[in-house]
Amino acid sequence: MVEELLITARANPKIDPSLGIWSWEIPVYLFFGGLTAGILFFSAWMILRNRDEETPFAASRYAIWAPIVLSIGMTTLFLDLEHKLYVFRFYTTLQPLSPMSWGSWVLLIIYPLAILLTLATLRKGYPMLAGLLEKLPFGSLALDLSERFKRPIAIWTIPFAIALGIYTGILLSAFSARPFWNSGVLGPLFLVSGLSSAAALAVLLAKQHGERLQFARIDLGLIAVELLLVGLLIINLHTGSGPQVQAVQQILGGPYTQLFWLGFVLVGLLIPLMLGWLEIRNLNPVVFLGPLLVLIGGYLLRQLTVDLGQVSTWTNYASQFNPQLLELLP
Amino acid sequence: MSRYAMVIDTRTCIGCGDCVVACKTENNVPAGLNRDWIVEATNGRYPDLTTEFRSERCNHCSHATCVYSCPTGASHYWRGTNIVLVDPGKCTGCKACIAACPYDARLIMRPEGYIDKCTFCHHRVEVGKDPACVSTCPTNCMHFGRIDEPESLVSRLLRERRSKTLLPETGNQPNVYYLV
């Protein structure tokens, strides 16, 4: 038997919960960041493929959601910083070994791209908004220029959208100190989940039946790939090093089991998969339920991953102390 | 690159906590936060028990994952040594380094918000003194010095005694050694 006792206090999240690394702010950012990546990817893709007729929403009305959603995400990201006034320090350097440094530069590039893509589609998608913008100085010029360079903007958007979607997963997977995160599957999993969330949002927002059906079909494929990646992640961790095996036990019988399997896998993936399948056969009575569950599942994936990484660690003091013994004292 | 190491004799440590108090006093560590701490590990089954006291802190790793994960360069090696420091003027408080440390040795300074940690008292090392914890230890169980100098006290102790580091399997190459 080994028993380890801390005989002086230490600043550690496991002893002082107020020092927990990341709370709700980061999962919210990871979700909205992934969603933005998906929105930009689909709008740029449909623009490049000239799908104005078949997918009018994605080609001209979807891009405006990207800067809105990204702004919410970046706000919560900022809220999480403990030393907020020094946020500019992200942009005084590029640290080649830090995925977070790469990510902050990707954000700096994707933001103007999202605004340019919105401007390029504004006259077609939202004529009233475009009219308002034209009244501002340089408004017409901005719209004209963005429309003129619509294709190059869309071409540049694709790789940066993919970078935005995948870097958050790579960032977490690069932390070897947190066994649950330390898997290369996390990057692709987050990317596919972000694309799936964006496809689901398109089903919710598009008006034309044909377009909704097309995105329902796309989402069906993405959910299937996501299920495969979740399976690979579990196999990867379950056959990994001791701390990884211990980490994955949290969802294989441990305290996170129910939320992971019932909340994320069943509600967030399997039920939408079934509803999507019914939808493309025109058998689905509740069209909006599936995509809504996909969005909930997308958020749950981020929250669960962030939490599970933080409860998995190399430093486990082998404490056998049983507080109930104190009650036996006279 | 100068490589500094701390060598702690678990056979003479009695877990008195003076190193913890010395650190808090020397570095003005706020109430409720600690840069070092003591673990009492008991092994075996009654009545055959052995106890080991370990004074733990940042391991000033030669391959410090916290330094590599920092997006702003705030976490850095001090003057080409293995001493890992945080520059509060560059730290955004993103907490990537806390996630990256397998020893959970970093803390968030309250109320300022930047990340703080053991510095091996580099301000004392700079003028040829030992870190505060080492110079305070009443049982003289803690030793500090350059491990890249074969004749230094720490090098000789590591040659002559059996020793271990914590979690070497993480690949971080820790530089706090425990004589067992």
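The values are calculated or read from the model by the stated rules, or taken from the named source; none is laboratory data. Bear in mind that the values here come from a model prediction, so they are computed numbers and not experimental data. Please note: Cβ atoms are built from the backbone with ideal geometry, for glycine as well, and neighbour counts cover all protein chains shown. Note: accessible area is taken over every heavy atom of the protein model, side chains too, but ligands, DNA and RNA are not part of it. Shrake-Rupley method; radii C 1.70, N 1.55, O 1.52, S 1.80 Å.
Observations on the structure shown:
- Remark: A:Ala63 falls outside the filter, which requires a residue to be away from chain B (no Cβ under 14 Å), assigned to a helix (DSSP H, G or I) and under 30 Å from A:Leu204 (Cα atoms).
- Condition met for B:Tyr103 (closer than 24 Å to A:Ser312 by Cβ, hydroxyl-bearing (Ser, Thr, Tyr) and either more than 18 Å from the chain's Cα centre (by Cα) or at the interface with chain A (Cβ under 8 Å from one of its Cβ atoms) (or both)): yes
- Matching residues in region B:127-142 - criterion: being touching an Asp or Glu at 6+ places or on another chain (Cβ under 7 Å) and part of a loop (DSSP other than H, G, I, E, B): B:Cys137, B:Pro138, B:Cys141
- Single residue of region A:139-166 satisfying the filter (crowded, with 24+ Cβ neighbours inside 10 Å and closer than 14 Å to A:Leu30 by Cα) that is farthest from the chain's Cα centre (by Cα): A:Ala161
- Applying the criterion of being open to solvent by 50 Å² or more (accessible area, probe 1.4 Å) and assigned to a loop (DSSP other than H, G, I, E, B) to the residues of region B:40-86, the residue that is farthest from the other protein chains (Cβ to nearest Cβ) is B:Pro47.
- Yes/no for B:Leu33 being open to solvent by less than 20 Å² (accessible area, probe 1.4 Å), of a type in the set (A, V, I, L, M) and at the interface with chain A (Cβ under 7 Å from one of its Cβ atoms): yes
- Test: residue in region A:21-34 that is more than 19 Å from B:Cys94 (Cβ to Cβ) and either more than 9 Å from chain B (Cβ to nearest Cβ) or in a helix (DSSP H, G or I) (or both): no
- Among the residues of region B:127-171, just one is within 30 Å of A:Gly242 (Cβ to Cβ), buried (at least 18 other Cβ atoms within 10 Å of the Cβ) and under 13 Å from the mean Cα position of the chain (by Cα), namely B:Leu166.
- The condition of being out of contact with any helix residue (DSSP H, G or I) (no Cβ under 7 Å at 6 or more places or on another chain) and of a type outside the set (A, V, I, L, M, F, W, C) holds for only one of B:His76, B:His123, that being B:His123.
Residue by residue, here is whether (1) at pLDDT 95 or above; (2) in a helix (DSSP H, G or I); (3) surrounded by fewer than 14 Cβ atoms within 10 Å (Cβ to Cβ) holds:
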residue	(1), (2), (3)
A:Gln258	yes, yes, yes
A:Val265	yes, yes, no
A:Ile271	yes, yes, no
A:Leu278	no, yes, no
A:Leu293	yes, yes, no
A:Leu301	yes, yes, no
A:Gln310	no, yes, no
A:Thr315	no, no, no
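- If you go through region B:87-101 and keep only what is small (Gly, Ala, Ser) and either buried (at least 18 other Cβ atoms within 10 Å of the Cβ) or at pLDDT below 95 (or both), you end up with B:Gly93, B:Ala96, B:Ala99, B:Ala100.
- So A:Leu108, is it within 13 Å of chain B (Cβ to nearest Cβ), open to solvent by 80 Å² or more (accessible area, probe 1.4 Å) and modelled with pLDDT of 95 or more: yes
- Members of region A:280-291 found to be assigned to a loop (DSSP other than H, G, I, E, B) and touching an Asp or Glu at 6+ places or on another chain (Cβ under 9 Å), listed by number: A:Val287
- Yes/no for A:Ile64 being surrounded by 20 or more Cβ atoms within 10 Å (Cβ to Cβ) and β-branched (Val, Ile, Thr): yes
- Condition met for A:Leu77 (open to solvent by 20 Å² or more (accessible area, probe 1.4 Å), outside any helix (DSSP H, G or I) and farther than 26 Å from A:Ala142 by Cα): no
- Unmet requirement for B:Lys95, which otherwise passes all of (1) farther than 18 Å from A:Ile21 by Cα; (2) in contact with a strand residue (DSSP E or B) (Cβ under 9 Å, 6 or more places away or on another chain); (3) of a type outside the set (Val, Ile, Thr): (1)
- Criterion applied to B:Val20, B:Val7 was being in contact with a strand residue (DSSP E or B) (Cβ under 7 Å, 6 or more places away or on another chain) and at the interface with another protein chain (Cβ under 9 Å from one of its Cβ atoms), and the one residue passing it is B:Val20.
- Candidate set from region A:176-202 (those that are more than 18 Å from the chain's Cα centre (by Cα) and open to solvent by less than 10 Å² (accessible area, probe 1.4 Å)); member that is nearest to the other protein chains (Cβ to nearest Cβ): A:Ala177
- Set side by side, the residues B:Gly113, B:Gly89 differ, and just one is under 16 Å from B:Gly73 (Cα atoms), out of contact with any Ser or Thr (no Cβ under 7 Å at 6 or more places or on another chain) and facing chain A (nearest Cβ under 9 Å), which is B:Gly89.
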